[in-house]
1. When the chain is treated as a GNM, springs tying every alpha-carbon pair under 10 Å, which of V253, V198, V145 comes out with the largest mean-square fluctuation?
2. What's the Cα-based Rg to Rh of the chain, Rh via Kirkwood?
3. Which of these, D119, D108, D95, has the largest mean-square fluctuation under a Gaussian network model of the chain (Cα springs below 10 Å)?
4. So if we plug the beta-carbon distance of E114 and D299 into 1/(1 + (r/R0)^6) with R0 = 51 Å, what FRET efficiency do we get, rounded to 0.05?
5. How much FRET efficiency would the formula 1/(1 + (r/R0)^6) give for D83 and K134, where r is the Cβ-Cβ distance and R0 is 35 Å, rounded to 0.05?
6. I'd like the antiparallel share, as a percent to the nearest 5, of DSSP beta bridges with both residues in the chain.
7. Distance from the Cα centre of segment 33-73 to that of segment 223-281, in angstrom?
8. Between T211 and T283, take the C-beta separation as r, use R0 = 35 Å, and let me know the FRET efficiency to the nearest 0.05.
Amino acid sequence: MITIQKLTDTEFETPVFEKQDFALEALHGLSSTPKFLPTKYLYDDEGTRLFQMITKLPEYYLTRSEAEILETHKDKLSLLMGDEPFNLVELGAGDGHKTRILVEHFLDQKLNFEYVPIDISQLAVDILINSFQKRYNDLNAIGLVAEYTQGIKWLHKTTHLRNLVLFLGSSIGNFNPNESRRFLQSLWTVLNPDDIVVIGFDLKKDIQLLTKAYNDSQGITRDFNLNLLKRMNEELGGSFNLSKFSHYEFYNVHSGAMVSYLISQEKQSVYINDLKQLFHFETLESVHTESSYKYSDSDIRHMASQTGFKVIDQLTDINSYFIDSIWKTNKPY
Ligand SMILES: C[S@@+](CC[C@H](N)C(=O)[O-])C[C@H]1O[C@@H](n2cnc3c(N)ncnc32)[C@H](O)[C@@H]1O
């Protein structure tokens, strides 16, 4: 059976006022110097649709590379999980397009598992669950609309079975090094000693290739970034004129991240009704919206050992663009 649950509506979490959170975080980010907006707000319904388009772009090698890795190495994962029942938990699952490779393989191998995709975007979970419902009669799944932190709490309170946790698509790259460490430590804390974690890391590579992936010729990534202003207009009563902002993304060699900004094209003021506040922008003033950190093999190994995990395999694609790193909790039994 396949169902969808909104974790904010359950006993696991006191209800949060999402709109109020968005307003407060927008107030904080737009009042700061330099300005920023939290990346997670890129994924409203329109952002989710645009991200699905990004994954299909010729320049966006990440999705194709990771799909190739999962296809080539799916046997390794089924062998690691064996015959005992387990939960296949996916953080930031998106539309689950690549995960279908593993789900189909696990069903073929008659593994005993329940699939738990978790995503902040209601639309992403709806799309995923509808498509999996149509394809797989025998699949047990529960889709959770929730933040990563709530998903991790759910793992802690609910699952007594072994877990295979997927964190694909280089979503980890949206965290800065301190945030990644804290996230991985909190994951480690709730996992059982023989749980397995698979994390997708985009590798450091030719800067032109990286730059093209985030500045596609069709302008979909630009629209994805600008959509955050549209979202503030719609949900917070903002008055952003999208034509007065541009998308700017480049590779910062010092931090090792593709960094994404919205740039004000002129000196302007924007009123946000829900905040009853006017925000001022200078010509060429930037608003940071996203970082996508890139890694080396040794960066990944260091991150694992720093947070209590043991790397058991580094699976890469034929071009060595991407790694799915397989980790075990290095916990005593
Ligand atoms: C980079 S996309 C990756 C999607 C998918 N895993 C893939 O590999 O194509 C990040 C996904 O994480 C979700 N997301 C972003 N921030 C989140 C958060 N704080 N909590 C839960 N999900 C989040 C987004 O809605 C989006 O589906």
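Coordinate-derived values only; no laboratory data. All of these numbers come straight from a predicted model, not from anything done at the bench. Every residue, glycine as well, gets a Cβ built from its backbone with ideal geometry; the counts of neighbours run over all protein chains shown.
1. Highest fluctuation of the listed residues: V253.
2. So for the chain, dividing Rg by the Kirkwood Rh gives 0.97.
3. D108
4. Given R0 = 51 Å and the Cβ-Cβ separation, E is 0.95.
5. 0.80
6. Around 55 percent of the beta bridges assigned by DSSP in the chain are antiparallel ones.
7. With segment 33-73 and segment 223-281 each reduced to a Cα centre, they are spaced 19 Å.
8. Efficiency at R0 = 35 Å is approximately 0.90.
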